[in-house]
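Structure, as structure tokens:
The values are calculated or read from the model by the stated rules, or taken from the named source; none is laboratory data. What you see is a predicted model; the values in this text were computed from it and never measured. Every residue, glycine as well, gets a Cβ built from its backbone with ideal geometry; the counts of neighbours run over all protein chains shown. Calculation scope for accessible area: heavy atoms of the full protein, side chains included, ligands and nucleic acids excluded. Shrake-Rupley method; radii C 1.70, N 1.55, O 1.52, S 1.80 Å.
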Amino acid sequence: MAPAQGQFSDHSDGVDSKERAEGPSAPPAFLAAVEALRSARLRPELEVEVTRPPQRLAPHAYALEAAVVDGEDDLADGRLVLLHDPAGHDAWQGAFRLVTLVRAELEPEMAADPLLPEVCWSWLTGALDARGLLYGEAGGTVTRAGSHYFGALSARRPATQIEIRASWTPREGRGGVPDAASHLMAWGDLLCQIAGLPPSDPADAAVVTLPQRRGPQVS
């Protein structure tokens with residue numbers, strides 16, 4: 001797949017993105033991984049911006065949030081956080097960790113599929129595998145939540161949201177730096193797939209996607 005460059009927003013919650021990445025003493029491997037994230041080529045339907053990273057999960061962190069946009073509609077959204085602990089982390093089995101939240105709103109007939117959680121998890125691992133990425137210690141949850149409206153809101157149709165929370169350890173390459181750009185592109189593939197977009201590469205036409213729909217925004 002050779003997607004066009006996705007759009008990075010200038011919004012950053014009042015904190016400069018370079019300051020977030022570097023911090024007081026960020027190591028070269030982490031800075032290189034962050035620079036790779038910034039240079040990744042993403043599908044044009046993705047709008048990406050730097051956001052405030054979590055403060056207590058690792059000594060160094062960098063976070064992005066993204067939405068799959070169709071006109072004025074957000075079809076799906078999510079966050080991706082790159083964590084780095086130079087000393088390594090036993091649970092990660094490495095010095096880097098990627099953590100994600102992805103969510104979208106589903107049509108009722110799709111939401112009723114009993115295999116939907118397994119399918120959504122396979123989209124994550126399949127997106128990584130399709131790009132030939134090496135990773136380990138993958139784990140997470142797939143949650144399906146429904147809302148029914150009553151009283152003054154009874155005119156609204158029932159809504160179901162699917163949410164993927166996951167993390168995995170990207171294998172480190174030369175200089176102890178993971179291929180962060182490819183992991184971000186695989187994550188973008190997942191986000192577009194859960195949004196119901198068709199594959200951008202004709203070779204991926206056999207991949208099953210959900211119908212297009214409007215999804216929630218990252219809060």
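Here are the numbers:
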item: First in region 89-103 and over 11 Å from A138 (Cα atoms), second anywhere and small (G, A, S) and open to solvent by 50 Å² or more (accessible area, probe 1.4 Å), Cβ under 7 Å, 6 or more apart; result: none
item: Candidates W123, W92, filtered to the one that is closer than 18 Å to A195 by Cβ and among the aromatic types (F, W, Y); result: W123
item: Some residue of region 174-181 being in contact with a Leu (Cβ under 6 Å, 6 or more places away or on another chain), over 17 Å from L42 (Cβ atoms) and modelled with pLDDT under 95; result: no
item: Scope region 137-157; condition closer than 30 Å to D90 by Cα and either in contact with a strand residue (DSSP E or B) (Cβ under 6 Å, 6 or more places away or on another chain) or open to solvent by 100 Å² or more (accessible area, probe 1.4 Å) (or both); matching residues; result: E137, A138, G140, T141, V142, T143
item: Residues of region 123-136 satisfying the condition of being within 14 Å of the chain's Cα centre (by Cα), surrounded by fewer than 18 Cβ atoms within 10 Å (Cβ to Cβ) and small (G, A, S); result: G126
item: Selection within region 40-62 - surrounded by fewer than 18 Cβ atoms within 10 Å (Cβ to Cβ) and within 21 Å of P86 (Cα to Cα); result: R52, P54, Q55, R56, L57, P59
item: Cross-chain or 6+ apart pairs with Cβ under 9 Å, region 194-205 first and modelled with pLDDT of 50 or more, then hydroxyl-bearing (S, T, Y) and surrounded by 15 or more Cβ atoms within 10 Å (Cβ to Cβ); result: I194/T209; A195/T209; G196/T209; L197/T209; P198/T209; P199/T209
item: Tally of residues being in contact (Cβ under 8 Å) with a residue 12 or more places away in the chain and open to solvent by 20 Å² or more (accessible area, probe 1.4 Å) across region 104-117; result: 5
item: Test: residue in region 184-197 that is in contact with a His (Cβ under 7 Å, 6 or more places away or on another chain) and either within 23 Å of A58 (Cα to Cα) or part of a strand (DSSP E or B) (or both); result: no
